[in-house]
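The values are calculated or read from the model by the stated rules, or taken from the named source; none is laboratory data. As the structure is a computational prediction, the values presented were derived from the model and not from experiment. No Cβ is skipped: glycine too gets one built from the backbone with ideal geometry, and neighbour counts run over all protein chains shown. What goes into the accessible areas is simple: the full protein's heavy atoms, side chains included, and nothing from ligands, DNA or RNA. Shrake-Rupley method; radii C 1.70, N 1.55, O 1.52, S 1.80 Å.
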Amino acid sequence: MIPVAFDYLRPRTLAEASHALVACAGDAVILSGGQSLMTDLKLRRKRPRTVIDLQSVEGLCAIDVGDGIARIGAMARQADIVQQQDVAGQFPLLVEIASAAADPMVRRRGTLVGALCAVEPGGDWLCGCLAMDGIVEIAGAVGKRDVPLTEFIHGARATTLGHDEIAVAVRLRAAPRRARSAYRKVKHIAVGWSIASVAAVLDIDDGGRCRFARVAVSGATAWPQRLPLLEAALGALDLSRRDHLRDAVAASLSSVQFSGDYYASAGYRAERLATLVEQTIAELAG
Amino acid sequence: MNEVVGNGAASEVSGRWIGRAVARLEDARLLLGHGRYVDDIVLKDQLYAHFVRSPRAHARIIAVDTAAAASARGVVAVFTAADMKALGDVKPNWLIPGARVKGRPVLAGKIVRHVGEAVAMVIAQSAAAALDAAELVKVSYESLPTIFDAVAAMEDHAVRVHENLPDNIAATFQTGRGGFEEAARKADVSFRFSLTNQRLVPFSIEPRAVNASYDSSSGQLTVHCANQIPHMLRRMLAAALQFPEHKLRVISPDVGGGFGPKMHFYPEDVLLAFATCKLGQPVKWTETRTENTVATTHGRDHAMTVDVAANRDGKIVAMRANSFANVGAYLSSMGSGVPTVNVALFALGVYAIRVFEMNVTCVFTNTTPVDAYRGAGRPEAAYLIERTVDRVARELGMDPAEVRRRNFVQPHQMPYRQPAGTTLDSGRYDETLTLALERADYAGLRAMQAKARADGRLLGIGIASYTQTCGVGAAELLAMVGFDRGGFESALVRVHPDGRVLIMSGSHSHGQGHPTTFAQIAADELGIAPENIEVVQGDTDLVPFGIGTWNSRSVSVGGSAVKVASARIAERMKRIAAHLTQTTPDRIVLADGLLRVEGANASVTIAEVARAAWTGQGIPREIGIGLEETEFYHPKSSSSPHGAHVALVEVDAGSGAVSLLKYVAVDDCGVVINPLLARGQVHGGLAQGIGQALYEGAFYDDEGVPVADPPLPRFDMLPRFETDHTITPTPTNPLGAKGLGEAGAIGGPPAVVNAAIDALWHLGVHELDMPLTPERVQRALREAKQLRPS
């Protein structure tokens, strides 16, 4: 449990951090909350020459909640985010996820943006932020860019971040006032990640029709992702017909890649996920 | 004082202190961070060891290149098998007759036989330098074919783990008197089924740790080791190193959990002692979790087949069992005894079954050696018999509680010798089961189950009535089964002139609470409050020879030693007090720190008596000096604690998830010394037993690597436990106390699995193997559905 020796930098500004990244030419990692990184370092799964700690960079802890949009800085801790009154009002999914993700000690240190960058296959926060149309603000040596989470994710534990780039914030979109949302999770008994989880935001009109849906899944799939096929199909469905819903869920998952382990195989997870998605949507529509 | 409410034992206070729920005297120190574990000990000129371990399960070692590591910064030495020629393999110390001795090599030389086997040892000035340099050791391997499963390893032409053996058999064991076939022919029904007792990977909060230091001035070798049996470790080390035993000191300080694996003798123990003698500086090693999963011994791992014959009235007339026990790549300390003697002798549980035969074959495979782990063979035995009794009940359409009652050994039959070879000393099984069923509201649960089933929910109720022989025991019996250990325990009790007491015990607490329970036992004899009694353990230079803590033996054997020695001191104190008060010893009453003359006003304090004893002043010369007694308590036989556990589960038919809704444990460990600590032991054992039933396993991958982060039961994965005791004192020791530490790990698995099968039997699920993962249960439900006539 001793990492390979590394240089430790604690820049004060984003510019300093960027310069350091460029100087390291790819042989550096960014440390925010450390929930995934510290384990990787201690088990020597990652052996960077330099660790750049963001904790002293000014302005990264901000949590700004406007009308319908929340902007959460790279160093904002998960526990702090959900304790903000206006967050709970507009972003109930975040509060729900906080009670399902890890434990109080992890949430006290863990950052939301860090959890997005880690792209853990069973990640809770990433699943929820996908359903909130998350957009990642990225600062690089040559400037800034905004990338939707759906494009930011590049597979399990991989993002589109360049070697000189830092994810500085995420912007989340609140659901319309009348929409309903839920996060449901089946826990991996050993590690606490999900083996199947779904975050759903549904806007159901008075006639019981779905006006729009944002559905994201994690745990069973090789990495967290939206289910665009299902979202598109829901608008045309009679949600009181459980069999139709079941077919739509099955169709949307048919092209998705699943992964498993000794505790729950890919096939088992796929099935649990299908049931969970169906139940969650039926519950929100009901 | 923390009196436990609702625990039947609390009301049965037999002495002034025995039976009281005294809060642990050692907790303040431990909770404030003043504990001192091996890794906390840093000696002058401390060096650190790191092991290079095999990533392959079976391979020929072509070459080990240590040059780069040896010249790395901070490195003092790199050792390989070539440096260890003087050291033999690590010897097991329980070898059943006919066992083939293949001990663990201290370092693998030509062939590695399991993932995690140590190939080289790097010693450096810091732990980081040792680890960095270990990565520079280049080992070239040539892979050999592997075999992980015991049943597969018994097939013709199976891969051989040891090329100079004709097959993979490590040992075989038979017990019983035969006659199954004939009995089965006469019985109303007979059937066969199979059981798997999966391999478990033990995890203590504190991993293994060793800090060895040789002092060239005194010629003394001191080995700090997180260990359950310090005196045995000293003996084994002295023999392995050919080091004079009287100059070898083993100190096992605070230890964070033992559970069996910390009593075994390991290659690392020898290697660190060897290295410090060679280098003249202290060398320390603390196991990582990753090493824990591959280098520390595993537990269980049996594949069993059971034949059973019964009559329609529920009476079981005969049982036959066969087991292939996976012992791993080498025989660890108790590797041939635990899966054989400890399983087969206890396979009849609490029942009077006349015809019995059992065969156990211990099989080598390319896996980490298997050895004793909480329960050590008795969980396997209890699982075997309790699954069998339940199966008989279901096949006959009878209530499982009733079938148990019809087969119990009755109190008037005690002591009862079973054809398996064990003798039960005491037990009121019907009474214990009745109390457990009452506490669980069995009739209510059955009604709830019927109603739930009508509503489409699957509830199941499981029962386990277990017994387990504890306290090893008589030396004659140990000799008979090839177990090279004593069965006694020591206690040196000394009353100081200030009236305070020091107890040096050969037993060893690694979390159980000896400093409290042993003080309670002595307090009743000496009339001195427990807080004035200090218990010292774990240092071979201080403590008389002892056999340590395992087999739930501490209270029954170690506690008896404390009681006997303390009672002798009490007699001495009375003689002295009689002289000081000019009366006769039989008129002296000892209590509350005073020796009073019965019916008179005269009294002396214990401190006054102790001062007289340690000065010799004011007492006749023939009384002699001192207030100190040493007892090596050697029991003539072991005791048989027992219990009845009831579990309620709900199975989700869709997902296969099993939820444990209720758990009632009624354990009979004879006289309860401290009901609070007893409850702690039951809870901890249950966590491990339920862990085996629902969650845990080694989960090897195709390369023979166990899973790195196995599911261990945590607080939120367990229900509230309801515990109680019946109290049947054992006649085998002066305390009347039996063991309890392993009870939950023994009763838990069959109670939970029987409950799951109870929920699913009507759907055609008749067999389930542990752990009951949702996927496995779901698969069993689907397979049963396919077979069911629609």
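Checked against the criterion of being at negative phi, touching a Ser or Thr at 6+ places or on another chain (Cβ under 9 Å) and open to solvent by 50 Å² or more (accessible area, probe 1.4 Å), region B:749-766 has no qualifying residue.
Taking region B:634-735 as the region of interest, the strands (runs of 3 or more DSSP E) fully inside it that hold 3 or more residues being of a type in the set (A, V, I, L, M) are B:642-651, B:658-668.
Which residue, of A:D80, A:D40, is of a type in the set (D, E) and either open to solvent by 30 Å² or more (accessible area, probe 1.4 Å) or assigned to a loop (DSSP other than H, G, I, E, B) (or both)? The conditions single out A:D80.
Scanning region B:453-471 for residues that are in contact with an Asp or Glu (Cβ under 8 Å, 6 or more places away or on another chain) and open to solvent by less than 30 Å² (accessible area, probe 1.4 Å) yields B:L458, B:L459, B:G460, B:I461, B:G462, B:I463, B:A464, B:S465, B:Y466, B:Q468, B:C470. Does B:N326 satisfy the condition of being open to solvent by 10 Å² or more (accessible area, probe 1.4 Å), outside any loop (DSSP other than H, G, I, E, B), touching a strand residue (DSSP E or B) at 6+ places or on another chain (Cβ under 7 Å) and not β-branched (V, I, T)? Judged against the criteria, B:N326 is not a match. Scanning region B:396-435 for residues that are part of a loop (DSSP other than H, G, I, E, B), within 19 Å of B:D668 (Cα to Cα) and small (G, A, S) yields B:S426, B:G427. Among the numbered conditions (1) within 26 Å of B:I547 (Cα to Cα); (2) acidic (D, E); (3) open to solvent by less than 20 Å² (accessible area, probe 1.4 Å), the only one that B:E291 does not meet is (1). Per the listing A:L229, A:L239, A:L273, the residue uniquely open to solvent by less than 10 Å² (accessible area, probe 1.4 Å) and among the aliphatic types (A, V, I, L, M) is A:L273. Scanning region B:595-625 for residues that are in a loop (DSSP other than H, G, I, E, B) and in contact (Cβ under 8 Å) with a residue 24 or more places away in the chain yields B:G618, B:I619, B:P620. Any residue that is among the aliphatic types (A, V, I, L, M), within 14 Å of chain A (Cβ to nearest Cβ), surrounded by fewer than 24 Cβ atoms within 10 Å (Cβ to Cβ) and farther than 12 Å from B:G748 by Cα - is there at least one of those in region B:653-670? There is at least one residue in region B:653-670 that is among the aliphatic types (A, V, I, L, M), within 14 Å of chain A (Cβ to nearest Cβ), surrounded by fewer than 24 Cβ atoms within 10 Å (Cβ to Cβ) and farther than 12 Å from B:G748 by Cα.
If you check A:V217, A:V201, A:V170, A:V186 for being on the phi < 0 side of the Ramachandran plot, surrounded by fewer than 24 Cβ atoms within 10 Å (Cβ to Cβ) and part of a strand (DSSP E or B), only one passes: A:V186. Please tell me if A:I135 is touching a helix residue (DSSP H, G or I) at 6+ places or on another chain (Cβ under 8 Å), open to solvent by less than 30 Å² (accessible area, probe 1.4 Å) and either closer than 25 Å to B:T288 by Cβ or not small (G, A, S) (or both). Spelling it out, it is not the case that A:I135 is touching a helix residue (DSSP H, G or I) at 6+ places or on another chain (Cβ under 8 Å), open to solvent by less than 30 Å² (accessible area, probe 1.4 Å) and either closer than 25 Å to B:T288 by Cβ or not small (G, A, S) (or both).
Screening B:L712 with (1) touching a residue at least 12 places away in the same chain (Cβ under 8 Å); (2) open to solvent by 10 Å² or more (accessible area, probe 1.4 Å); (3) within 14 Å of another protein chain (Cβ to nearest Cβ); (4) touching a strand residue (DSSP E or B) at 6+ places or on another chain (Cβ under 8 Å) gives one miss only, at (4). Taken together, A:S255, A:S240 contain a single residue that is over 24 Å from A:A179 (Cβ atoms), away from chain B (no Cβ under 14 Å), in a loop (DSSP other than H, G, I, E, B) and not aliphatic (A, V, I, L, M), which is A:S255.
From the list B:E783, B:E775, the one residue that fits, being within 14 Å of another protein chain (Cβ to nearest Cβ), assigned to a helix (DSSP H, G or I) and of a type in the set (D, E), is B:E775.
Has region B:472-495 got any residue that is more than 26 Å from B:P339 (Cβ to Cβ) and open to solvent by 10 Å² or more (accessible area, probe 1.4 Å)? Yes.
Checking every residue in region A:190-201 against the condition of being within 14 Å of chain B (Cβ to nearest Cβ) and among the aromatic types (F, W, Y) gives at least one match. When B:T305 is tested against (1) open to solvent by 10 Å² or more (accessible area, probe 1.4 Å); (2) hydroxyl-bearing (S, T, Y); (3) away from chain A (no Cβ under 14 Å); (4) in a helix (DSSP H, G or I), exactly one condition is not met: (4).
Comparison of B:R249, B:R289, B:R300 shows that the only residue that is of a type in the set (D, E, K, R) and within 27 Å of B:V363 (Cβ to Cβ) is B:R300.
When the residues of region B:123-132 are narrowed to those that are within 14 Å of chain A (Cβ to nearest Cβ) and within 27 Å of B:Y330 (Cβ to Cβ), which ends up most open to solvent (accessible area, probe 1.4 Å)? The qualifying residue most open to solvent (accessible area, probe 1.4 Å) is B:L131. With respect to the conditions (1) in contact with a helix residue (DSSP H, G or I) (Cβ under 8 Å, 6 or more places away or on another chain); (2) crowded, with 24+ Cβ neighbours inside 10 Å; (3) on the phi > 0 side of the Ramachandran plot, B:N551 falls short on a single one, namely (1). Does at least one position in region B:135-149 carry a residue that is small (G, A, S), outside any loop (DSSP other than H, G, I, E, B) and surrounded by fewer than 23 Cβ atoms within 10 Å (Cβ to Cβ)? Looking for residues that are small (G, A, S), outside any loop (DSSP other than H, G, I, E, B) and surrounded by fewer than 23 Cβ atoms within 10 Å (Cβ to Cβ), one finds at least one in region B:135-149, hence yes. Can you name the residue in region A:65-77 that is surrounded by 14 or more Cβ atoms within 10 Å (Cβ to Cβ) and not β-branched (V, I, T) and is also nearest to the other protein chains (Cβ to nearest Cβ) among such residues? This residue is A:R77. Inspect all residues belonging to region B:665-683 and state whether any of them is touching a helix residue (DSSP H, G or I) at 6+ places or on another chain (Cβ under 7 Å) and within 24 Å of B:V651 (Cβ to Cβ). Among the residues of region B:665-683, at least one is touching a helix residue (DSSP H, G or I) at 6+ places or on another chain (Cβ under 7 Å) and within 24 Å of B:V651 (Cβ to Cβ), which makes the answer yes.
Scanning region B:682-695 for residues that are closer than 14 Å to B:R374 by Cα and open to solvent by less than 10 Å² (accessible area, probe 1.4 Å), we see that the one that is nearest to the other protein chains (Cβ to nearest Cβ) is B:G691. Applying the criterion of being within 14 Å of chain B (Cβ to nearest Cβ) and open to solvent by 60 Å² or more (accessible area, probe 1.4 Å) to the residues of region A:1-37, the residue that is nearest to A:L161 (Cα to Cα) is A:F6.
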